[in-house]
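Visitor: The structure's right below; bear with me while I get my questions together.
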Amino acid sequence: MTAVDQDARDQALDISQSICVTAPAGSGKTELLTQRLLKLLVVSETPEQVLAITFTRKAAAEMRERVVDALTLGAQTDAPTEAHKVLTWQLAQDALANSNNHNWELAKNPARIRVQTID
């Protein structure tokens, strides 16, 4: 990863601002957006306060699946071996802690995570 790419990724994870991520296929957009969504869940009072919007139903389904997979990963005590998954694991652990603090039960109710399309 280049320094320029890392700066863009860091900016995308700045939840104090709205973002639009554009990048070629296979560049890690979905992982990055999953991390951003998890980071928002860490600071939210309810999961319904967080909304991710995609262009297609297929992309929305994949995004929701990735968040659910990340929460499953976050429930594990051991960090993943892949470097790019470590941040996702840490953020998922924090999101699950917030879920537990507010009795959201996100692991049991992933439908509370709002990922929608514009169509």
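Visitor: So, by mean Cβ neighbours within 10 angstrom, what's the order for 51-61, 77-87 with the highest one leading?
Guide: Highest-to-lowest ranking by the protection proxy: 51-61, 77-87.
Visitor: Using modelled backbone amide H atoms (1.01 Å from N, in-plane), which distant-in-sequence or interchain residues come within less than 5 Å of Thr117's amide H?
Guide: Under 5 Å from the amide H of Thr117 lie the amide H atoms of Thr54, each far enough along the sequence or on another chain.
Visitor: Pop out the carbon and sulfur fraction of the accessible area of the stretch 1-103 as a percent, whole number, probe 1.4 Å.
Guide: Of the solvent-accessible surface of the stretch 1-103, carbon and sulfur hold 53 percent.
Visitor: Also: Looking only at the stretch 29-50, which residues have a backbone nitrogen under 17 Å from a spot 7 Å from the Cα of Ala79 in the C-beta direction?
Guide: No residue qualifies, since no backbone N sits under 17 Å from the label point.
Visitor: Using only helices, what value at 222 nm comes out for the chain when you add -39,500 (n - 2.57) per DSSP H run of length 4 or more and divide by the total residues, to the nearest 500 deg cm²/dmol?
Guide: So the helix-based figure for the chain works out to -17500 deg cm²/dmol.
Visitor: How compact is the stretch 1-114 by the rule of thumb for globular proteins, expressed as Cα Rg over 2.2 N^0.38 Å?
Guide: Here the answer is 1.02, to two decimals.
Visitor: Need the full-extension length gain, Glu31 to Glu62, defined as separation in residues times 0.36 nm minus the C-alpha distance. One decimal, nm.
Guide: 10.1 nm
Visitor: Identify the residues of the stretch 63-87 with backbone N under 19 Å of a label point that sits 7 angstrom from the Cα of Arg112 along the Cα-to-Cβ direction, or state none.
Guide: Within reach of a label on Arg112: 64-76.
Visitor: Report ³J(HN,Hα) in whole Hz for each residue of the stretch 43-50, in order, from the Karplus equation J = 6.51 cos²θ - 1.76 cosθ + 1.60 where θ = phi - 60°; Gly and Pro get x.
Guide: Rounded to whole hertz, the list is 9, 7, 7, 9, x, 5, 6, 9.
Visitor: Turning to a different aspect of this structure: Once each part is reduced to its C-alpha centroid, what is the distance from the stretch 10-41 to the stretch 75-107 in angstrom?
Guide: Answer, in whole Å: 17.
Visitor: How large is ³J(HN,Hα) for each residue in the stretch 77-94, as worked out from phi by the Karplus curve 6.51 cos²θ - 1.76 cosθ + 1.60 (θ = phi - 60°), to whole Hz, x for Gly and Pro?
Guide: 7, 8, 5, x, 7, 6, 4, 5, 8, 4, 4, 4, 4, 5, 5, 5, 4, 5
Visitor: Let me ask something additional. May I have the count of lysine pairs in the chain with C-alpha atoms under 19 Å apart, counting pairs 8 or more residues apart or located on different chains?
Guide: Going through the chain pair by pair, I get 4.
The values are calculated or read from the model by the stated rules, or taken from the named source; none is laboratory data. Source: prediction; values computed, not measured. Counting neighbours? That spans all protein chains shown, and the Cβs are built from the backbone with ideal geometry, glycine included. Calculation scope for accessible area: heavy atoms of the full protein, side chains included, ligands and nucleic acids excluded. Shrake-Rupley method; radii C 1.70, N 1.55, O 1.52, S 1.80 Å.
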